[in-house]
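S.K.: Before we start, here is the structure in question, set down as structure tokens.
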Amino acid sequence: MQVIKVYPAGFAANSYIVSGNGKTCAVIDCAQPKVLAKCKELGLQPECVLLTHGHYDHVGGCAAFENEGVPIMCGKDEKDLIFSEGYMRLCGGVPRFTIAKTFSDGEEFSAAGINFKVIATPGHTAGGVTYLAENALFTGDTLFCRSVGRTDLPTGSGSQLTRSVKKLYALKGDYMVFCGHEEDTTLEAERRGNYFIREDNA
């Protein structure tokens, strides 16, 4: 699996272009329209955009993909929140788009030659999800390198976030962790060194 990380220009989330076949790709958290330009530069045809959650800094490029016929997908409990009053108060300037498909916890699907599994990880938002793909976890704003997501924004919950991070820690083995902000890490490094939610007391 090839993972191309697209850093934002200004404040926005990291976006990830992933491909298992070198021809098509899935985009995880399309923060800005430039992500579409990057797909074209790489010669990869997007099959879908997968959102970990719907905050404005993660979805700013979705309309550009939808205009190209690429479906936007997210967790089932996040769909109705994306353009809700609470989210729009954070930033109302995101171009509108529609959600073509939603996922339930534990659902598996294939895209761009990659098998994905959806892990419901509420806490940062009520409908947040993590995508497991091969040896990688795309955690959005649930788990960061030596940190975790905020819970003081609309639909956030500290107790839910703790349970969600514990759920990730409980996965067997180690995984690369591709986060919504800042740098990558590994699951084992966070089990051992994340002092916000520790493995032994999460």
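S.K.: For residue 31, work out the one condition from (1) in a helix (DSSP H, G or I); (2) surrounded by 24 or more Cβ atoms within 10 Å (Cβ to Cβ) it doesn't fulfil.
M.R.: It is condition (1) that residue 31 fails.
S.K.: Can I ask one more? Go over the candidates 91, 48 one by one and state the one that is over 17 Å from the mean Cα position of the chain (by Cα) and within 26 Å of residue 144 (Cβ to Cβ). Outline the logic, then answer.
M.R.: Working: 48 fails: over 17 Å from the mean Cα position of the chain (by Cα).
Just one listed residue meets the conditions, 91.
S.K.: Here is a follow-up. Any idea how many residues of the stretch 132-166 are of a type in the set (Phe, Trp, Tyr) and touching a His at 6+ places or on another chain (Cβ under 7 Å)?
M.R.: Total meeting the criteria: 1.
S.K.: Could you say whether any residue in the stretch 151-162 is open to solvent by 30 Å² or more (accessible area, probe 1.4 Å), hydroxyl-bearing (Ser, Thr, Tyr) and outside any helix (DSSP H, G or I)?
M.R.: yes
S.K.: Now for a different question. Would you mention how many residues in the stretch 168-202 are small (Gly, Ala, Ser), open to solvent by 40 Å² or more (accessible area, probe 1.4 Å) and not in a loop (DSSP other than H, G, I, E, B)?
M.R.: Counting residues in the stretch 168-202 that are small (Gly, Ala, Ser), open to solvent by 40 Å² or more (accessible area, probe 1.4 Å) and not in a loop (DSSP other than H, G, I, E, B) gives 0.
S.K.: Next question. Identify, by number, the condition in (1) part of a loop (DSSP other than H, G, I, E, B); (2) surrounded by 15 or more Cβ atoms within 10 Å (Cβ to Cβ); (3) without any contact (Cβ under 8 Å) to a residue 60 or more places away in the chain; (4) of a type in the set (A, V, I, L, M) that residue 165 doesn't meet.
M.R.: Here residue 165 meets the rest and fails (1).
S.K.: Here's another thing I want to ask about it. Looking only at the stretch 18-41, how many residues end up being more than 18 Å from residue 135 (Cα to Cα), under 12 Å from the mean Cα position of the chain (by Cα) and of a type in the set (A, V, I, L, M, F, W, C)?
M.R.: 2
The values are calculated or read from the model by the stated rules, or taken from the named source; none is laboratory data. Bear in mind the structure is a predicted one, so any value in this text is a computation, not a measurement. Counting neighbours? That spans all protein chains shown, and the Cβs are built from the backbone with ideal geometry, glycine included. Just so you know, the surface numbers come from the protein's heavy atoms only, side chains and all, with ligands and any DNA or RNA stripped out. Shrake-Rupley method; radii C 1.70, N 1.55, O 1.52, S 1.80 Å.
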